[in-house]
Amino acid sequence: MKKIFTIAALALAVMPMAAQETYEDANIATEDLNGTARYVGMGGAMEALGADISTISTNPAGIGLFRHTTASTSLSVNALQDADDFGIGKKTKMSFDQIGFVWAHRSGERSFLNFAFNYHKSRNFNDVTSVSDVLHGASQNKLSYAKGYEGLFGLNFDNNITGTSNAFSQVDYLYYNGFLSDAEGTLFYNDASSYLMRKSSKGYTGDYNFNLSGNINDRVYLGLTLGIKDVNYKGYSEYTEQLLDDNNRGIGSTTLADERRIDGSGFDIKAGIIFRPVETSPFRIGLYVNTPTWYDLKTSNYTELINNTNVGLYKNFSNSEVYEYKLYTPWKFGASLGHTVGNWLALGLTYEYADYSNLDTRFNTGSHYDWYYDNYYESSESDDIMNAHTESTLKGVHTLKAGAEYILYDGLSLRVGFNYISPMFSKDGYKNSALDSPGSYYASATDYTNWKGTTRVTFGLGYRIGQLSLDFAYQYSQKNGDFSPFMSYWAADGENMSDNVCNAVKLNKERHQALFTIGYHF
């Protein structure tokens, strides 16, 4: 235990607002490759080929290629490799992934006007992670202590220790009140020898898409989709440090146990076109744009610091918060190529781009009454400090999708696909818990992972019996990342406060999905 200074009473208190931080925003804003088994089996590269209901959420013009009214539904089994059940996360889990229909209406000799609805699970949050490493004297509680020592937030010592800046997070609050101080108000910290982080999550983002599309003379296809999103996220983590005294002897451990929920809704608009430049050729080009998703979200947490040492004020100390905020995702742009050879081969290629450095984290500024429409609306402002951090941490993401379908013989199809998604995170990015931002104030965990590129390989089979279609797809996805339990800190005052540096740990995340779709056309 290293004692450094005593707290003086202050009269100021934190004014909490509503926003979120970069890494949590990135988790909500991203999507999986999911939909019908045919779409997944071809790696999702159907934005120019069309005639699959899953294109409703990327290039809605693909719905304009339907010639028959169709309905379908999909189920999957998802498995995490090299993982064990922990908390609310499961290694293997079933999922209801899609249900929808297309009503095809002939509007002319060679033209159609189609209407469609589709629900699909665009994001599956089921995950389990376990990671441990040595700390060489650094610790999470020392980071909280160092932030106060450097004056990043003033300290108010009354019934509870609070700060005068949004940089005073919920983690800081728990440490300062449950561990870093004694009955006399003296502050101290303890180094740590190692840590163990176990975290899990479950939930999903559901997409409800409504589409109007059609074609002109079977050469130009247009589509428009209104999407409504439903976010349901639950996370649980336990972060344990083995602590040391001044003589580097073990004194026990502290565990930070955190429960987090994020719920809310959002909407977006997608528009697209597919055209055949040569009338006598099946070769086609697709172009599309997706607006930002405008999210209204609510997050809540219950976090407890469990003190298994003989130092500090409490053995257990907890805190909870609830707040609402807004998140606007970036625009997404896509271009695709598609070609068929006779009735036995289909080839697709798609490129997408979205600049996630433009994620807009916003805090609500108040409710206002609109007398003309007789309703209330919530105004908001961008969190400029957190958005600047996002701009330096995240970057533009390039997605390449390729797929093929080969008709082996009547009714039986073989499909393959490939995806590559470039890294979203800067290699030098980190979760900055010292920002004077509401996103820092409401943070109840300090860990972060800078994920690198994602690779997906898919395989599929399809079989048609009259008007009934049965489809199967297998998807393997893999990505690597660098995990850190907290941001490293380099002391400005080297005489009285030492550095607090942790090394990143390499993570490998591998997932498997088996997807089944049954469809019927009328």
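The values are calculated or read from the model by the stated rules, or taken from the named source; none is laboratory data. A quick note: this is a predicted structure, and the numbers were derived from the prediction, not measured. FYI the Cβ positions are ideal-geometry reconstructions off the backbone, even for glycines, and counts take in every protein chain you see. These accessible areas exclude ligands, DNA and RNA; they are computed on the full protein's heavy atoms, side chains included. Shrake-Rupley method; radii C 1.70, N 1.55, O 1.52, S 1.80 Å.
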Pick from segment 257-299, criterion among the hydroxyl-bearing types (S, T, Y) and surrounded by 15 or more Cβ atoms within 10 Å (Cβ to Cβ), ranking: farthest from Y239 (Cα to Cα): Y288
So, of the residues in segment 288-322 that are under 23 Å from the mean Cα position of the chain (by Cα) and aliphatic (A, V, I, L, M), which turns out to be modelled with the lowest pLDDT? V322
Can you name the residue in segment 465-494 that is of a type in the set (S, T, Y) and in contact with a helix residue (DSSP H, G or I) (Cβ under 9 Å, 6 or more places away or on another chain) and is also most open to solvent (accessible area, probe 1.4 Å) among such residues? Y474
Which numbered condition in (1) touching a Lys or Arg at 6+ places or on another chain (Cβ under 8 Å); (2) aliphatic (A, V, I, L, M); (3) surrounded by fewer than 14 Cβ atoms within 10 Å (Cβ to Cβ) is the only one that M94 fails? (1)
Just one of G462, G439 is part of a strand (DSSP E or B), touching a helix residue (DSSP H, G or I) at 6+ places or on another chain (Cβ under 9 Å) and surrounded by 14 or more Cβ atoms within 10 Å (Cβ to Cβ); which is it? G462
All-but-one check, G366 against (1) open to solvent by less than 60 Å² (accessible area, probe 1.4 Å); (2) modelled with pLDDT of 85 or more, failing number (2)
Within segment 164-177, the residues that are surrounded by fewer than 24 Cβ atoms within 10 Å (Cβ to Cβ) and in contact with a strand residue (DSSP E or B) (Cβ under 8 Å, 6 or more places away or on another chain) are T164, Q170, Y173, N177
Single residue of segment 22-38 satisfying the filter (open to solvent by less than 10 Å² (accessible area, probe 1.4 Å) and outside any loop (DSSP other than H, G, I, E, B)) that is nearest to Y430 (Cα to Cα): T22
Total residues in segment 379-414, condition hydrophobic (A, V, I, L, M, F, W, C) and within 22 Å of the chain's Cα centre (by Cα): 6
Among (1) open to solvent by 40 Å² or more (accessible area, probe 1.4 Å); (2) among the hydroxyl-bearing types (S, T, Y); (3) more than 23 Å from N301 (Cα to Cα) - the single one Y328 does not satisfy: (3)
Can G453 be described as over 19 Å from R123 (Cβ atoms), open to solvent by less than 20 Å² (accessible area, probe 1.4 Å) and either modelled with pLDDT of 95 or more or in a strand (DSSP E or B) (or both)? no
Can you pull out the strands (runs of 3 or more DSSP E) entirely within segment 145-220 that have at least 2 residues that are in contact (Cβ under 8 Å) with a residue 24 or more places away in the chain, β-branched (V, I, T) and more than 30 Å from P277 (Cα to Cα)? 161-163
Breaking point among (1) touching a Lys or Arg at 6+ places or on another chain (Cβ under 9 Å); (2) of a type outside the set (V, I, T); (3) open to solvent by 10 Å² or more (accessible area, probe 1.4 Å); (4) in a strand (DSSP E or B), for D84: (4)
Which condition does G466 not pass, out of (1) more than 29 Å from V171 (Cα to Cα); (2) touching a residue at least 12 places away in the same chain (Cβ under 8 Å), if it passes all the others? (2)
Can you list the strands (runs of 3 or more DSSP E) lying wholly within segment 254-336 that have 3 or more residues being among the hydroxyl-bearing types (S, T, Y)? 294-308, 316-328
Scope segment 105-129; condition more than 32 Å from the chain's Cα centre (by Cα) and either within 30 Å of S201 (Cα to Cα) or in a strand (DSSP E or B) (or both); matching residues: H105, R106, F112, L113, N114
